[in-house]
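Taking it in order: structure first as structure tokens, then the write-up.
Coordinate-derived values only; no laboratory data. What you see is a predicted model, and the numbers here were worked out from it, not measured in a lab. Backbone-built Cβ (ideal geometry, glycine too); neighbour counts: all protein chains shown.
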Amino acid sequence: MDSSNVTDQKRTAAEQLLAGRLAVIDQLQAADEGERQAEDAARKAREHKAKVWQDAIKAGWSESELTGPLRFKRPAVKAPGRPRGSATKPAPAPRSSPESS
């Protein structure tokens, strides 16, 4: 038997075995991408709910009304906004030097 023929047969057999294993890698890649997209959609939905929750509070609804009789769940995340106290604290007064007193 010709050694190149044996080599070709082994290579063909190896490629067939590998093809079956590679198919699952394609499936795994698709599942991974689907999971990433679902996580991204869930994050966006949580952020949107937090924003609408904040709008409901601004419109006069209390948290106890929303969670009590209306049975809404509090958002899992806080709505984006400015940090607490960022606009309410006055800037520190400049220090005067001892020479100007």
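Please work out how many pairs of lysine residues in the range 7-76 are eight or more positions apart (or on different chains) and have Cα atoms closer than 26 angstrom.
Count of close lysine pairs: 6.
Hey, fewest Cβ within 10 Å first, where do Lys51, Lys10 land in order?
Lys10, Lys51
Could you work out the mean projected area of the convex hull around the alpha carbons of the range 7-76, in square nanometres to one decimal?
6.3 nm²
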